[in-house]
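Visitor: Attaching a single structure in structure tokens format; questions to follow.
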Amino acid sequence: MEPTVFRPGLFDGQVALVTGGATGIGYGIAELLGGLGAHVVIASRRQEKLDVAAESLSKNGARVSTVSVDVRDVDRVKAMVEEVQRDRGRIDILVNNAAGNFYAPSESLSPNAWKSVIEIDLNGTFFCCQAVFPVMKAQGGGRIVSISMTLHYRGWPLMAHATAAKAGIDALTRTLSLEWARHGIRVNAVAPGPIPTEGVRKAFAPPGGSGVPDVFAVERALEDYARKSIPLGRWGAPKDIANMVAFLASPAAEWVTGSIFVVDGGEWLARGQPTGR
Ligand code: NAP
């Protein structure tokens, strides 16, 4: 693990369940929580991806296990939580990070495409929160952090499904925080700006694909976007989001609930304005 400002062993003895924890931002979150002593359970659909991620997380010293789950399936979500509770005895931290996304014009978005994103992002987040509630209540508390976005603050063409789902996650975060505070459960969210994970890099890849690939084209497009659109001048990294999740999961945030933290280098505030770079 890279050097961190958090103290070693901050999450010793705790269990963190991270959905979508095998890739991208979720992997970064699992790496930091695991590096700080938590036993991390990473959960998503594809077991082969989970195995690769678990091997690499354990090589870095983290204690990690995997559960294969489709968060759209409420019974599988309940079974996942039962499995983690049986094997690990507790769940201290839930990170709702799993999501699906793609660009599509609203006028031709099929009912299935709409449903799929709403079901993964919004329903999946709710099912996971609801499933861990009795475990956290019985333990006397817990921390839930959901991964949102900023694109719904002003709207974002071709993303009706994802922006609607993430707006729902923000609402859910506030409402659950009020309902569950008396059980010692804190519920917060993090809204990342652009983080060039594999999916985002594909979106920046030049169209076509035939002929010799220009391996630097994506890098140039990414740099250009950061210079023009991100006041702090760089793209985000999974560790930027992981740091906020670790803060929210730590005792330093013991009086923080129902909050949604934007971590985006100033991108959404500056949208449409020159960054001066
Ligand atoms: P990513 O690498 O594609 O991660 C998505 C993860 O979710 C994958 O590991 C995927 O694994 C899992 N997943 C998808 N559908 C699932 C399902 N039905 N059940 C269980 N797991 C499922 O994307 P990312 O960029 O790291 O994004 C992580 C989070 O950050 C998402 O919530 C995203 O909306 C949010 N975000 C990202 C950005 C960005 O710029 N990257 C910006 C704002 C917000 P399987 O396919 O194996 O299931």
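Visitor: Please list the non-local residues whose amide H lies under 5 Å from the amide H of A191, H modeled 1.01 Å from N, same-chain partners needing a gap of 5 or more.
Guide: The list, which skips near neighbours in sequence, is S148, F261, V262, V263.
Visitor: If I take every Cα pair under 8 Å that is 6 or more residues apart in the chain, average their sequence separation and divide by the length, what percent do I get for the relative contact order?
Guide: The value is 18 percent.
Visitor: Using a 1.4 Å probe on the protein chains only, how many percent of the accessible area of the range 124-277 belongs to carbon and sulfur? Show your work: numbers first, answer last.
Guide: Details: 4630 of 7630 Å².
The computed percentage sits at 61.
Visitor: May I ask which residue of N60, V71, G24 lies farthest towards the positive end of the charge dipole of the range 1-78, with charges of +1 (Lys, Arg) and -1 (Asp, Glu) on Cβ and the Cα centre as origin?
Guide: The residue sitting farthest along the positive end of the dipole is V71.
Visitor: Also, I was wondering about something else. Filter the chymotrypsin sites (Phe, Trp or Tyr not before Pro) in the range 44-127 to those in DSSP coil with at most 16 other Cβ atoms within 10 Å of their Cβ, and list the result.
Guide: F102, Y103
Visitor: Counting each DSSP H run of 4 or more residues in the chain as -39500 (n - 2.57), what helix-only mean residue ellipticity at 222 nm follows after dividing by all residues, to the nearest 500 deg cm²/dmol?
Guide: Values: 10 runs with 120 residues, N = 277.
-13500 deg cm²/dmol, from helical runs alone.
Visitor: Right, here's the next one. Kindly flag which residue pairs out of K59/K239; K59/K166; K78/K137; K137/K239; K137/K166 have an alpha-carbon separation exceeding 23 Å in this structure.
Guide: Violating the 23 Å Cα-Cα cut-off are K59/K166; K137/K239; K137/K166.
Visitor: Over the heavy atoms of V52, what accessible area does a 1.4 Å probe trace out, to the nearest 10 Å²?
Guide: The accessible area of V52 comes to roughly 100 Å².
Visitor: Here's a follow-up. What whole-number distance in Å separates the alpha-carbon centres of the range 44-68 and the range 135-178?
Guide: 25
Visitor: Let me ask you something else. Can you pull the accessible area of L176 for me, 1.4 Å probe, Å² to the nearest 10?
Guide: Estimated to the nearest 10 Å², L176 gives 10 Å².
The values are calculated or read from the model by the stated rules, or taken from the named source; none is laboratory data. Since the structure is predicted, the reported quantities are computational estimates derived from the model, not experimental observations. All Cβ positions, even for glycine, are placed from backbone atoms using ideal geometry, and neighbour counts span all protein chains on display. Please note that ligands, DNA and RNA were not included when accessible areas were found on the heavy atoms of the full protein model with its side chains. Shrake-Rupley method; radii C 1.70, N 1.55, O 1.52, S 1.80 Å.
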